[in-house]
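First comes the structure, then the notes that go with it.
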């Protein structure tokens with residue numbers, strides 16, 4: 001099982017169509033490629049695992065800069081992880097775990113906003129819930145992974161919404 | 001059909017359990033109430049519609065401050081909308097639309113990150129896709145609603161991930 005950084009090209013983008021979470025991100029990459037806004041084989045934020053010639057698992061990883069970190073103490077660069085997905089026929093064989101362990105290998109804290117009902121998978125890999133803060137988390141249910149020496153950022157107590165009823 | 005701002009109390013939190021997207025946000029509100037971190041009947045970011053005595057639809061709304069606006073031109077306060085949900089037995093009766101129209105009534109731009117497969121609903125209400133930007137949008141598929149005189153923020157061309165392989 002080898003995790004590879006995926007290039008943006010027509011073959012990869014065609015393979016992405018097999019994944020349930022194919023959306024605006026993939027469409028945008030396809031348009032940029034068609035419009036020559038990016039070169040064929042430009043680097044993407046995606047990593048994947050091939051089984052033979054077939055892409056069977058993938059995730060997206062992005063390094064968020066220290067200045068924007070609202071999750072970790074000390075404040076630092078961290079990885080946002082999303083679109084972790086394994087094709088149905090290839091699930092429960094360790095592909096998802098392999099991708100997450102690869103992400104951990106960068107030695108940075110990781111934050112993800114997982115789908116509902118995937119809690120067991122993430123807990124098993126050492127991810128924990130944050131203390132929900134409406135100002136920061138809004139509609140997210142963040143899970144985080146702390147490398148050694150990293151902990152949760154101290155937060156002011158969550159305030160309720162400051163939305164005033166301007167319609168009344 | 002009247003949209004009401006929901007207070008945080010045991011009755012409301014019990015009703016929230018009937019919604020599919022019950023999660024960390026609701027649990028956090030329950031804990032804060034139990035630990036006396038917030039008062040009974042504190043304001044929540046939730047709005048809802050009652051059918052008789054029963055809460056049948058809800059959404060969460062939060063006013064994001066101008067300084068954090070990465071979506072709208074001119075840069076301004078906008079509303080983040082999430083957890084828009086109508087109980088199954090009450091769907092297709094206009095409750096969802098009523099909530100969104102209520103949100104529009106504040107006169108601010110709105111941003112939401114909808115569930116997959118709800119595109120028709122949002123398009124019908126005048127929401128449109130943003131130009132995906134990995135730096136800003138990460139794992140989101142944002143839809144936005146522009147009031148008169150507001151347009152999309154001009155963005156630098158989306159760059160690919162700057163995550164360097166520190167493991168190599």
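The values are calculated or read from the model by the stated rules, or taken from the named source; none is laboratory data. All values reported here derive from a predicted model rather than from experimental measurement. Virtual Cβ from ideal backbone geometry, glycine too; neighbours counted across all protein chains shown.
Overview of values
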quantity: Listing of helices (runs of 4 or more DSSP H) fully contained in the stretch A:1-114 that carry 1 or more residues being surrounded by 18 or more Cβ atoms within 10 Å (Cβ to Cβ) and touching a helix residue (DSSP H, G or I) at 6+ places or on another chain (Cβ under 6 Å); calculated: A:10-16, A:24-34
quantity: Options B:85, B:73, B:14; residue that is at pLDDT 95 or above and within 15 Å of the chain's Cα centre (by Cα); calculated: B:85
quantity: Output for the stretch B:100-114, where each listed residue is more than 11 Å from the chain's Cα centre (by Cα) and within 13 Å of chain A (Cβ to nearest Cβ); calculated: B:101, B:102, B:104, B:105, B:106, B:107, B:108
quantity: Residue count, the stretch A:61-70 (criterion: more than 11 Å from chain B (Cβ to nearest Cβ), farther than 18 Å from residue A:113 by Cβ and within 18 Å of the chain's Cα centre (by Cα)); calculated: 1
quantity: Filtered residues of the stretch A:125-136 (kept if assigned to a loop (DSSP other than H, G, I, E, B) and away from chain B (no Cβ under 11 Å)); calculated: A:125, A:126, A:127
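Conditions (1) within 18 Å of residue B:113 (Cα to Cα); (2) assigned to a helix (DSSP H, G or I); (3) at pLDDT 95 or above, marked per residue:
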residue: A:123; (1), (2), (3): no, yes, yes
residue: A:139; (1), (2), (3): yes, no, no
residue: A:154; (1), (2), (3): no, no, no
residue: A:157; (1), (2), (3): no, no, no
